[in-house]
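Participant: Sending over a structure as structure tokens; questions will come in a sec.
The values are calculated or read from the model by the stated rules, or taken from the named source; none is laboratory data. A quick note: this is a predicted structure, and the numbers were derived from the prediction, not measured. Cβ sites come from the backbone with ideal geometry, for glycine too, and all protein chains shown count toward neighbours.
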Amino acid sequence: MRFADIIGNAEVAKALASMADSGRVAHAMLMYENEGCGALALALAYVQYLNCSNPHDGDSCGECPSCRQMSKLIHPDVHYVFPVNKGPKTSDDKPTSESYIQYWRELAIANPYFVEADLQKAIGIESKNGLIAVAEAKSIISKLSLTAVADGYKAVIFYLPEKMNQETANRLLKMVEEPPEKTLFIFITHAPEKVLQTIFSRCQSIRVMPLTKDEAAQVKALNPFDDREEYNLFMDLFSDLMNAIVARDLMAALECGEVVAALDSREKQKAFCAFAGECIRKIFMIQQNMPQIAGVAEEEQEFYSAMAGKCGKGFCSKSITNIEKVVAMIDRNVSSKILFCDLVNRMFLSV
Ligand SMILES: [Zn+2]
């Protein structure tokens, strides 16, 4: 992946390139994106640029041995960590990312803008939660303790550090704090508020911005099965719901809940939950006076600012927790009508 191939986020790409040019390479970086906006593509292009033997015009050459290895995700000094679980595609009892690396490569090469659900499908754990367990930390530490195979940087691209538990983080912490020479960690998160503070505080953070409509259409072309037209439907539903809640119109809010419950599959209902969670996170960021990292599209700014003003301080975190509970219950065959009615009620009461 070269910077030139990246869809959107030209400013971030430029910043990464100049960081590499100046030699001020942060040894731990946290990229925050709404899923599917290209943080992985940027991370891959950045590491490829750092390790390219013939970089020019602010980009990697795409042709040297290092670039060729990067394009196949087989560079010996670049490691990938992502949430996994036991599943039919591995016989490992305590699987790590390594157990699924071939599926990761296939997915990320075909479409580096994949979302978490695509990854779960690719590694065959759709019905489970992906986790980053302590075995992963041990594996990374031992890989990084080896001398680099090539001359460049060793890198760990760490997808979704929010899925790592305390024990894993504790193991990794020293490595993140004082990595071996020319070693870097790039964390990609969709939920910065859930990344353990000990890790977060050691990272330089970078906001990967949401894609414009045109850019999203280009990304969609990479994955024809991915239905991004949902966005408009979901945004309408979410704004109707929030408007009803802040207007204290319980009946209208419950009607929105019924529309969500009537979406034609559980996967769609879960997708709406993920969408609503991201929207609420944006409200939260604005309430925290961090609009620059909320990543709100210009045409939606008015809506989000109004919501940030009208929702109480505890609303966002409570609602995110409640939405997550609903997602877990959807998988357990609980009636979606009851679930969404209950969720709307809770949101109504906590606003
Ligand atoms: Zn190159």
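Participant: If you go through the stretch 313-344, how many residues are hydrophobic (A, V, I, L, M, F, W, C), under 12 Å from residue 273 (Cβ atoms) and without any contact (Cβ under 8 Å) to a residue 24 or more places away in the chain?
Facilitator: Here the count works out to 2.
Participant: Please go through the stretch 21-54 and give me each residue that is within 15 Å of the ligand (Cβ to nearest atom) and either of a type in the set (Val, Ile, Thr) or closer than 11 Å to residue 152 by Cβ (or both), ordered by number.
Facilitator: 47, 48, 49, 50, 51, 52, 53
Participant: I need every pair where a residue in the stretch 278-299 that is free of Cβ contacts under 8 Å to residues at least 24 places away in the same chain has its Cβ under 7 Å from the Cβ of a residue that is of a type in the set (A, V, I, L, M, F, W, C) and in a loop (DSSP other than H, G, I, E, B), sequence separation at least 6 or different chains.
Facilitator: Pairs that qualify, where the first residue is free of Cβ contacts under 8 Å to residues at least 24 places away in the same chain and the partner is of a type in the set (A, V, I, L, M, F, W, C) and in a loop (DSSP other than H, G, I, E, B), are 282/296.
Participant: Can you find even one residue in the stretch 77-85 that is assigned by TED's automatic domain parsing to the domain that holds residue 41 and within 16 Å of the ligand (Cβ to nearest atom)?
Facilitator: yes
Participant: Would it be correct to say that residue 307 is within 23 Å of the chain's Cα centre (by Cα) and outside any loop (DSSP other than H, G, I, E, B)?
Facilitator: The answer is no for residue 307.
Participant: Filter the stretch 60-86 down to the residues that are under 24 Å from residue 169 (Cβ atoms) and either touching a residue at least 60 places away in the same chain (Cβ under 8 Å) or in a loop (DSSP other than H, G, I, E, B) (or both) and list them by number.
Facilitator: Pass one, the stretch 60-86, residues under 24 Å from residue 169 (Cβ atoms): 77-86.
77, 78, 79, 80, 81, 82, 83, 85, 86 - these are the residues of the stretch 60-86 that are under 24 Å from residue 169 (Cβ atoms) and either touching a residue at least 60 places away in the same chain (Cβ under 8 Å) or in a loop (DSSP other than H, G, I, E, B) (or both).
Participant: With the structure loaded, tell me whether residue 134 is out of contact with any Asp or Glu (no Cβ under 9 Å at 6 or more places or on another chain) and more than 27 Å from residue 65 (Cβ to Cβ) or whether it fails that test.
Facilitator: Numbers: out of contact with any Asp or Glu (no Cβ under 9 Å at 6 or more places or on another chain): no; more than 27 Å from residue 65 (Cβ to Cβ): yes.
So residue 134 does not fit the description; no.
Participant: Taking the condition crowded, with 23+ Cβ neighbours inside 10 Å and either in contact with a Gly (Cβ under 9 Å, 6 or more places away or on another chain) or outside any loop (DSSP other than H, G, I, E, B) (or both), does residue 17 pass?
Facilitator: Taking the combined requirement at face value, the residue does not satisfy it.
Participant: Which of the residues spanning the stretch 112-142 are closer than 19 Å to residue 171 by Cα, assigned to a helix (DSSP H, G or I) and not small (Gly, Ala, Ser)?
Facilitator: Answer for the stretch 112-142, where residues must be closer than 19 Å to residue 171 by Cα, assigned to a helix (DSSP H, G or I) and not small (Gly, Ala, Ser): 134, 136, 138, 140, 141.
Participant: Filter the stretch 65-76 for residues that are over 13 Å from residue 43 (Cβ atoms) and out of contact with any Gly (no Cβ under 9 Å at 6 or more places or on another chain); which is nearest to the ligand (Cβ to nearest atom)?
Facilitator: Filtering first and then ranking leaves 67.
Participant: Sort out which residues of the stretch 312-349 are polar (S, T, N, Q) and surrounded by fewer than 17 Cβ atoms within 10 Å (Cβ to Cβ), and write them in order of number.
Facilitator: Those that are polar (S, T, N, Q) and surrounded by fewer than 17 Cβ atoms within 10 Å (Cβ to Cβ): 317, 321, 333, 335, 345.
Table: residues versus (1) closer than 24 Å to residue 274 by Cβ; (2) touching a Pro at 6+ places or on another chain (Cβ under 8 Å).
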residue: 57; (1), (2): no, no
residue: 71; (1), (2): no, no
residue: 78; (1), (2): no, no
residue: 87; (1), (2): yes, yes
residue: 98; (1), (2): no, no
residue: 106; (1), (2): yes, no
residue: 123; (1), (2): yes, no
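Participant: Here are 117, 110: which of them is of a type in the set (A, V, I, L, M), more than 18 Å from residue 1 (Cα to Cα), in the same structural domain as residue 182 (by TED's automatic domain parsing) and under 19 Å from the mean Cα position of the chain (by Cα)?
Facilitator: Only one candidate passes the filter, namely 117.
Participant: Answer with yes or no whether residue 8 is touching a helix residue (DSSP H, G or I) at 6+ places or on another chain (Cβ under 6 Å), part of a loop (DSSP other than H, G, I, E, B) and either in the same structural domain as residue 273 (by TED's automatic domain parsing) or crowded, with 17+ Cβ neighbours inside 10 Å (or both).
Facilitator: Here the answer is yes, as residue 8 does meet what is asked.
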